[in-house]
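*Asks:* First the structure, then my questions, so here it is.
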Amino acid sequence: MDHLEHLDKQLVDELAQVAREAVRDELREQTRKQRRTAALYAASGATGLYAGAALALAAGLALALGLPGWAAALVMAAVLGVGAYVLRGAARSGGGHPHGTASHGATGRVVGGTPPAGPSGGHGMPYPPVPPAAPGNPVTGDPVPGMPEADPDIPRRRGR
């Protein structure tokens, strides 16, 4: 009987080793493909950066035909700065917020984009509603409902 237990343990160890090797080989292959894709994206980005710099240089040299060199460079810097600002604004309003980080404004709309889709089945909201204002009225001084009014002259003890 001990002999069978030893064979079972040996078989389990061999199966675990084979499974580990198969997973390791699969992960190596996926990593190799992802590394190649990342390198191609990096090369594409660097090439695009140089192409943009060459285009900006060409536009600056064209401006320099009618303006002094420093003025052409200043105009190009301003144009590129405005372009960067516009692109930054487009990136921020383009739904770059992860789900669940958008907040509600006073209008009930989601600030920073559209609300995420509801859960499958269509029941309820995927996140709790946020009230448009904090409890209590800071203008009229009405207290928070359900909270006793606190006298600032009376010392308070914290719960233990």
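*Asks:* Restricting attention to segment 1-58, which residues are among the aromatic types (Phe, Trp, Tyr) and either over 30 Å from Gly69 (Cα atoms) or outside any helix (DSSP H, G or I) (or both)?
*Replies:* Tyr41
*Asks:* Still on this structure: Only one of Arg35, Arg20 is under 28 Å from the mean Cα position of the chain (by Cα) and surrounded by 10 or more Cβ atoms within 10 Å (Cβ to Cβ). Can you tell me which?
*Replies:* Arg35
Values in this text are rule-based calculations from the coordinates and carry no lab data. Small disclaimer: the values here were computed from a predicted structure and weren't measured. With ideal geometry, Cβ positions are generated from the backbone for all residues, glycine too; neighbour counts draw on all protein chains shown.
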